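Worksheet: the structure to be examined is printed underneath.
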Amino acid sequence: MSASGGTKAIVAALAANLAIAVAKFVAFLFSGSSSMLAESVHSLADSGNQGLLLLGGKKAKREATPEHPFGYGRERYIYAFLVSIVLFSVGGMFAIYEGYEKIKHPHPIEAWYWPVGVLVFAIIAESFSFRTAITESNQTRGTLSWTDFIRRAKAPELPVVLLEDFGALVGLVLALGGVGLALGTGNGVWDGVGTLCIGVLLIVIAIVLAAETKSLLLGEAAGTEQVEKIKAAVVDGDTVTGIIHMRTLHLGPEELLVAAKIAVQHDDTATEVANAINAAETRIREAVPIARVIYLEPDIYNAAAAAAGTNPGKNPGGGTPTEGVGH
């Protein structure tokens with residue numbers, strides 16, 4: 001995912017949510033609808049989340065330091081994880097509390113045209129934001145399903161915005177349904193039920209976001225396609241005859257670490273091996289441009305010893321001599 005595409009989607013979502021948050025809060029003041037209060041807090045939390053994503057993107061661009069030699073690329077993962085916490089605590093838990101209170105102490109909705117009008121406006125505004133996120137995501141999603149795209153994306157911004165916008169649209173429909181039932185039946189309990197459903201929805205989305213960003217924080221390997229490209233680039237069939245074992249790790253969305261023990265000919269000179277390693281690094285970067293940090297260790301591969309489990313270059317995890325770790 002390009003950083004510019006993610007930023008465009010974030011800015012679109014931020015602009016929409018700020019306008020919607022103000023409109024929802026005004027509607028709450030005039031109508032007293034708990035659904036509108038929950039939705040205004042939801043939009044305010046979403047606005048803060050987009051601010052966190054922008055801040056994380058800015059901090060991730062800092063240059064590497066002696067204390068952080070691999071840079072700050074994972075700042076984007078950290079701030080995406082904070083988004084899930086904010087969505088859970090500020091958005092979800094507040095909505096559940098407000099819904100419970102409204103069900104326990106129901107009261108009729110006043111000035112019905114305020115919440116209905118604002119909800120219709122919010123649905124239109126969120127639809128434009130969601131459309132922007134979908135358009136930007138389609139540029140990098142390829143043939144992946146939306147579920148796979150959210151699960152496999154190494155850049156967290158677009159999946160976060162997609163889930164937030166989707167949750168916002170569903171939440172608005174729930175709020176409109178709760179307000180509509182409360183107005184139609186004259187029973188304010190339905191407004192509370194709608195608010196409660198919004199809270200549950202936000203918590204579910206927050207849990208999904210937390211699970212995905214946690215995986216990124218722990219460190220994910222390159223995707224299967226990238227691993228295959230790296231394998232093909234390493235072996236030249238002359239000096240480098242194979243890969244004994246290989247590991248990849250995302251240092252950030254656009255930064256990949258590659259570490260491999262490679263098999264070389266037993267009679268190659270040190271100069272030949274060094275030149276072969278430099279050439280392999282060049283081929284890797286051409287095949288996978290985000291491979292920024294590459295460590296290649298030469299070794300003599302002995303098939304018989306590897307089969308017996310005594311070859312010093314054998315994968316300590318018990319993998320095959322050409323194993324690469326994918327996503």
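The values are calculated or read from the model by the stated rules, or taken from the named source; none is laboratory data. As the structure is a computational prediction, the values presented were derived from the model and not from experiment. Note that we place each Cβ from the backbone using ideal geometry, even for glycine, and neighbour counts take in every protein chain shown. With ligands, DNA and RNA removed, areas are computed over all heavy atoms of the protein, side chains included. Shrake-Rupley method; radii C 1.70, N 1.55, O 1.52, S 1.80 Å.
Using r as the Cβ-Cβ distance of GLU286 and LEU217, and R0 as 30 Å, what FRET efficiency do you calculate, to the nearest 0.05?
0.50
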Along Cα→Cβ, 7 Å out, is where each label goes; now give me the distance between the ones at VAL22 and GLU225 in nm to one decimal. 4.2 nm
Please report Rg over Rh for region 92-182, where both radii come from the alpha carbon positions and Rh follows the Kirkwood definition. 1.10
Here the membrane-span-like helices of the chain, with no claim about any membrane, defined by DSSP H, Cα axial extent at least 27 Å and mean Kyte-Doolittle at least 1.0, are 3-31, 157-185, 189-218
Give the residue from GLY99, PHE166, PHE30 lying farthest towards the positive end of the charge dipole for the chain; charges sit on Cβ (+1 for Lys and Arg, -1 for Asp and Glu) and the dipole is referred to the Cα centre. PHE30
Dividing the alpha-carbon Rg of the chain by 2.2 N^0.38 Å yields what? 1.30
Expressed in angstrom and rounded, the centroid-to-centroid distance over alpha carbons for region 153-222 and region 30-100 is 13 Å
Helix-only mean residue ellipticity at 222 nm for the chain, each DSSP H run of n ≥ 4 adding -39500 (n - 2.57), per residue, nearest 500: -21500 deg cm²/dmol
Expected unfolding gain across SER127-ASP148 under the 0.36 nm per residue rule, minus the alpha-carbon gap, is 5.3 nm
So what is the accessible area of region 91-197 per residue, in Å², with the probe set to 1.4 Å? 47 Å²
Choose one answer from LEU82, LEU14, LEU55: the residue with the largest mean-square fluctuation in a GNM of the chain with alpha-carbon springs under 10 Å. LEU55
Within the set LYS8/LYS214; LYS229/LYS261; LYS61/LYS214, which residue pairs have Cα atoms separated by over 18 Å? LYS8/LYS214; LYS61/LYS214
In straight Cα distance, which lysines are under 25 Å from LYS102, not counting same-chain residues fewer than 8 positions off? LYS24
Over region 138-227, what relative contact order in percent results from Cα pairs under 8 Å that are six or more residues apart? 24 percent
